[in-house]
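Since the structure comes first, as structure tokens, the remarks are kept for the end.
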Amino acid sequence: MFTLINLPYAPDALEPVISAQTVGFHHGKHLQGYVNNLNAALPGSPFEGLPLEEIVRKADGAVFNNAGQILNHNLYFTQFMAPSEGAPSGKLAVQIDRQWGSFDAFQAEFVAKGAGLFGSGWVWLSAQADGSLVITQEPGAHNPVEKGLKPLLTFDVWEHAYYLDYQNRRPDHLKALWSIVNWAEIERRYVE
């Protein structure tokens with residue numbers, strides 16, 4: 001059985017970037033719903049007892065959608081802190097500079113891909129097996145693990161992630177998220 005992750009911060013800790021009200025709905029209602037739905041679908045299925053990433057790689061339909069959303073949201077909610085360190089350091093920073101030329105250029109491409117994703121989904125920074133980085137747009141509940149990538153950083157572009165705070169201003173939401181990214185956590189994901 002899967003459980004709702006505990007937030008590593010208070011519900012109001014990310015304000016004004018993400019309001020306590022949005023955290024309450026997004027974490028406490030949406031993510032809890034995915035956990036409940038997946039737990040109801042697993043008994044007697046071939047996915048019962050498998051780790052979440054393996055379910056995402058193998059399942060389809062409702063099991064995939066709920067497992068994917070749990071995995072995505074778990075990575076999303078555990079990547080924030082307030083205040084942020086502002087920018088990556090260490091091996092991740094070196095690789096970003098190598099591939100994009102600067103952190104600003106990387107941010108611009110990441111936000112553009114998040115703003116340009118039609119409908120609902122996620123924009124991801126992931127690592128390939130050789131350590132190189134890739135930005136992908138993943139619709140619906142999809143996750144880069146399906147492509148053999150290691151997910152590092154994600155911005156949720158489903159409307160429930162930002163609509164209470166930003167209405168239809170998705171690009172403004174994406175730009176604001178940089179100020180709460182926990183770069184030490186992203187670096188840990190990259191080097192592990």
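Observations on the model:
- Kirkwood hydrodynamic radius of the stretch 97-192, Cα pairs, Å: 13.8 Å
- Protein heavy-atom accessible surface, 1.4 Å probe, per residue over the stretch 33-76: 43 Å².
- Evaluated at q = 0.17, 0.18, 0.22, 0.30 Å⁻¹, a Debye calculation over the C-alpha positions of the stretch 53-102 (equal weights, vacuum) places log10 I(q)/I(0) at -0.73, -0.75, -0.80, -1.02.
- Of the chymotrypsin sites (Phe, Trp or Tyr not before Pro) in the stretch 119-192, not one is in a loop by DSSP (not H, G, I, E or B) with at most 11 other beta carbons within 10 Å.
- Each Lys and Arg contributes +1 and each Asp and Glu -1, all at the Cβ; summed about the Cα centre of the stretch 26-102, the dipole is approximately 80 debye.
- Percent RCO, i.e. relative contact order, over the stretch 86-147, from Cα pairs under 8 Å lying at least 6 residues apart: 25 percent
- For the chain, a Gaussian network of Cα nodes joined below 10 Å ranks 17, 157, 94 by mean-square fluctuation, and the top entry is 94.
- Taken about its Cα centre, the chain carries a charge dipole of about 180 debye when Lys and Arg each add +1 at the Cβ and Asp and Glu each add -1 at the Cβ.
- Between 145, 181, 23, the GNM of the chain built on Cα springs shorter than 10 angstrom shows 145 fluctuating the most.
- The accessible surface of the stretch 40-107, taken with every protein chain in place and a 1.4 Å probe, is 54 percent carbon and sulfur.
- When +1 charges are put on Lys and Arg Cβ atoms and -1 charges on Asp and Glu Cβ atoms, the dipole computed for the stretch 66-172 relative to its Cα centre reaches about 180 debye.
- The mean sequence distance of close C-alpha pairs (under 8 Å, at least 6 residues apart), as a share of the length of the chain, puts its relative contact order at 26 percent.
- Cα Rg, Dmax, the chain, angstrom units: 16.2, 50
- Sites matching GluC sites (Glu not before Pro) across the stretch 80-146 that sit in DSSP coil, with at most 15 neighbouring C-beta atoms within 10 Å: 85
The values are calculated or read from the model by the stated rules, or taken from the named source; none is laboratory data. Owing to the predicted nature of the structure, the values given are computational and were not obtained by experimental measurement. Every residue, glycine among them, receives a Cβ derived from its backbone with ideal geometry; neighbour counts consider all protein chains shown. To get the accessible areas, we keep the full protein, side chains included, count just its heavy atoms, and leave off ligands, DNA and RNA. Shrake-Rupley method; radii C 1.70, N 1.55, O 1.52, S 1.80 Å.
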